[in-house]
Each structure stands twice: as C-alpha cells, then as structure tokens.
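The values are calculated or read from the model by the stated rules, or taken from the named source; none is laboratory data. All values derive from a computational prediction rather than experimental measurement. Here the Cβ positions follow ideal geometry from the backbone for every residue, glycine too, while neighbour counts run over all protein chains shown.
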Amino acid sequence: MFDESLLDNPDGLSRADLHGLLRGAAESGARVRTAARNAAEAGVGALEPDGRPRAVLVAGPGPASGSTADLLAALAGDTCPVTLIRPAGVAPAPGALRWTLPGWTGPLDLLLVASPDGTEPGLALLLEQAYRRGCSVVCVAPAGSPLAEATVQARGLAIPLTTMPYEAAMSGGEPGEAGKSGKGTEGAAAGAAVLPTGPGTLWSLVTPLLALADRVGMLSASPAALESLADRLDRIAERCGPAIATYSNPAKTLAAELADALPLIWTEGELAAAAGRRFATVLAALAGAPALVAELPEALTAHGTLLAGAFAAGADPEDFFRDRVEEPEALHARVVLVREREPAVTSPAPAARELALHRDTPVSELEASEGSSPLETAAELLAITDFAAVYLALASSP
C-alpha cells in the first residue's frame with residue numbers, strides 16, 4: 001500500500017531507506033567526479049588510440065550493463081555502433097553464465113566490461129576470448145576483484161569502480177577502504193555492497209567509459225563536460241531531495257502519480273528512450289512495480305489497446321462492496337511522456353496527449369531543460385526518474 005504522507009516526512013523516509021537508496025541518488029554527482037578522477041589515474045587520458053573502434057561491445061551482469069550500453073549508444077549516435085552482449089547460457093565454471101563474442105569480433109573492436117561485483121567467472125572467460133582475438137579490453141570493476149585481475153592478464157585497462165564510504169560500511173569494511181574524499185572515493189574496496197540497480201551504480205560504471213569514449217572519438221565527454229554533468233546531478237539532487245515538499249519536487253510528484261498505476265512510458269528521442277528503459281528497470285527492481293516502455297510514435301499503436309482494455313482508466317468501475325483494506329484498487333494505465341528535445345511541428349507528443357485524453361488516461365510528462373547538452377539531458381532524465389523510483393519504493397514499503 002502506498003503511503004503518500006511519507007513523501008513529506010524526511011525522517012520517515014530515512015527510517016524506511018534501509019539500503020541507502022536516497023543517499024545513493026543524492027551522491028550521483030560526487031560519484032561522477034570521483035569516477036572521472038579514477039579513470040584519469042588508471043591511464044585513460046594517456047591512451048593514444050589509432051582511431052575510433054569499428055564496433056564497441058558491452059558486457060556485464062544484470063540490468064546495469066544494459067543501461068550502460070543504452071546510454072553509450074544514444075550518446076554515440078551514428079559515430080560508432082554499440083552492442084550489448086547478453087549471457088547465452090551456462091559457462092563451464094560452476095554457477096557461471098556464458099558470454100560469447102560475435103564471430104566477427106577482431107583487433108579493430110573494443111570490449112567494455114562493466115561489473116559492480118567483479119567476481120563473475122563467465123566474464124573472465126570472455127576476456128580470454130577477447131585476448132585471443134586481439135580485441136582491446138577495458139573493464140570497470142572493484143579494485144582487486146578477480147575480474148580486475150583477469151583484465152590485467154588479458155593486457156586490458158582495469159578501472160576501479162567508484163563506491164561511496166557508506167557502501168563499504170554496509171559491507172562490513174572500513175570507511176577508509178572506500179574513499180578518503182568528502183566528495184567520493186579514491187577507489188573501490190573489493191566486495192563493497194553495491195546494489196546493481198541502485199541509483200548511483202550506473203554513474204559509477206558509465207563515467208569512466210564516457211571518459212574513454214571521448215578519448216577514442218566516439219562522443220564528446222571532456223573533463224569539463226563531465227564536471228558539468230556532475231553539477232547538473234547535484235542541482236537535481238537539491239530539487240528532488242527528501243526535504244523538498246511534494247508539490248515542488250518533480251520526483252515525489254511523479255512517484256505519487258504512479259502509485260497504483262501501470263506506467264506506459266512513452267519516449268521521444270534516443271536519450272529519452274535510454275532513460276525510459278532505465279526507468280522501467282528501476283521501477284521493477286526497487287519498487288516492484290511493472291511498467292511498459294515504447295518509443296513514439298510506435299507507442300501509439302503498441303500500447304493503444306491497453307488504453308481501451310482492462311487497464312483503461314474507466315475499465316473497472318468502483319465496486320461499492322470492495323474491501324478497501326484487504327482488496328487494493330485495480331491497476332489502471334498512466335502515460336508517462338519522457339522527452340529530450342524541444343517541441344517541434346513533427347513531434348508525435350501532441351498525438352500521444354490526444355490519444356490519452358480520448359481514452360480518459362492521465363498523463364505525466366518529463367522533459368529535459370532547454371539548452372542542455374546531451375550529457376546534461378541524460379543526467380536530468382535519469383536522475384529524476386531514479387529519485388521517483390526510490391520514493392515509490394520507500395512509500396510502498398510494507
């Protein structure tokens with residue numbers, strides 16, 4: 001059951017937040033700064049690439065690797081194809097998954113491995129495959145982890161995963177092992193408690209890869225751009241923090257609107273599509289809430305029937321005899337428009353609003369601020385939706 005009153009109770013939110021989700025979301029800017037520093041210290045800035053890779057392959061456990069690949073692909077555009085490698089079965093090692101490189105992979109390609117844990121034996125085998133084929137390898141994983149060591153053995157570049165002091169404390173380590181800076185960490189202690197879908201984990205994984213992608217010419221993510229990205233995340237954390245009332249807090253407002261609803265996340269633009277898929281992932285992982293994602297204008301036909309079927313706003317009239325304590329209200333669809341660009345004559349957003357209005361379906365909208373860079377646009381859309389998923393999770397706790 002969703003307790004909306006908890007949203008405006010900072011102390012209550014803090015007590016309900018057993019996994020430090022709000023803190024993880026608030027410290028995303030600090031993670032970006034520290035992860036960028038870790039990447040520089042690992043040698044990213046000293047790389048002298050011969051040119052852009054023919055293709056970039058991304059592998060890693062859980063949904064975080066998919067979000068990483070999504071974001072890199074959206075930012076790179078047509079500059080360089082980015083492909084996510086998914087597990088294809090069970091590896092010879094006990095309990096390990098099997099990752100396999102495409103048959104065409106060779107010396108002209110780049111393999112990026114992103115792992116919050118760093119203990120997956122199947123990924124170590126993937127690094128061996130890459131080494132045999134002459135494929136360049138970069139890995140982001142906890143320092144000292146088996147995967148980081150396997151990367152060095154494969155003559156790849158290992159970048160330590162950035163964690164925050166409280167994560168090391170949650171894992172039983174000393175705060176000093178996780179970092180010494182008030183703005184982040186100097187490295188990641190192996191075995192630190194990192195939630196694979198936690199709000200800050202994505203930035204710990206993707207920031208070093210952004211710096212690398214800038215170095216090889218895939219996209220623009222200079223040190224100054226990464227600093228602007230961190231500043232934008234800090235500003236969003238101020239707007240969406242637990243002390244800010246719901247009426248002026250976009251994340252709390254969105255969480256309240258999605259309570260007891262089936263979100264239909266309709267996106268416009270490549271960055272918005274990546275943010276929308278990430279939003280659906282964290283809604284399921286953190287709040288246990290189902291959501292469907294589709295890109296406009298295809299969403300109008302893909303989800304149109306849902307707005308007229310059992311999930312439509314008027315599909316299940318109020319039952320006077322329903323037990324309002326034991327029998328929760330049925331889920332009804334709610335459209336969430338996630339957009340990255342300014343309104344245009346050719347935008348499908350007006351048609352989406354018209355369809356929702358015609359079907360008596362409420363609409364929530366999220367659009368990046370005008371004049372934002374691609375990195376800042378991604379930061380805004382991802383951070384607000386991450387905060388919203390966290391608030392929905394905390395206020396829905398039993």
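Considered as a group, the residues in region 363-373 that are of a type outside the set (A, V, I, L, M, F, W, C) and modelled with pLDDT of 95 or more include one that is surrounded by the most Cβ atoms within 10 Å (Cβ to Cβ), and that residue is 364.
Residues in region 103-119 that are outside any loop (DSSP other than H, G, I, E, B) and over 17 Å from the mean Cα position of the chain (by Cα): 110, 111.
If the Cβ limit is 7 Å and pairs must be 6+ apart or interchain, which residue in region 240-257 that is under 20 Å from residue 29 (Cβ atoms) pairs with which residue that is basic (Lys, Arg) and at pLDDT 95 or above? What qualifies is 249/239; 250/239. Taking region 367-398 as the range and being assigned to a strand (DSSP E or B) and under 13 Å from residue 252 (Cβ atoms) as the test, no residue passes. Listed conditions (1) modelled with pLDDT of 95 or more; (2) surrounded by fewer than 22 Cβ atoms within 10 Å (Cβ to Cβ); (3) part of a helix (DSSP H, G or I); (4) out of contact with any helix residue (DSSP H, G or I) (no Cβ under 6 Å at 6 or more places or on another chain) are all met by residue 210, apart from (2).
Find the helices (runs of 4 or more DSSP H) located wholly in region 1-87 whose residues include 2 or more that are of a type in the set (D, E, K, R) and modelled with pLDDT of 90 or more, and list them. If you could, list the steps in order and put the result at the bottom.
On the way: elements: 10-16, 21-26, 28-42, 62-76.
Per the criteria, 10-16, 28-42.
Taken over region 232-250, residues that are in contact with a helix residue (DSSP H, G or I) (Cβ under 7 Å, 6 or more places away or on another chain) and either small (Gly, Ala, Ser) or assigned to a helix (DSSP H, G or I) (or both) amount to 12. When 33, 23 are checked against the criterion of being in contact with a Lys or Arg (Cβ under 6 Å, 6 or more places away or on another chain) and closer than 21 Å to residue 378 by Cα, 33 stands alone in meeting it. For the residues 130, 148, the requirement of being surrounded by 23 or more Cβ atoms within 10 Å (Cβ to Cβ), in contact with a Cys (Cβ under 9 Å, 6 or more places away or on another chain), assigned to a helix (DSSP H, G or I) and modelled with pLDDT of 95 or more singles out 148.
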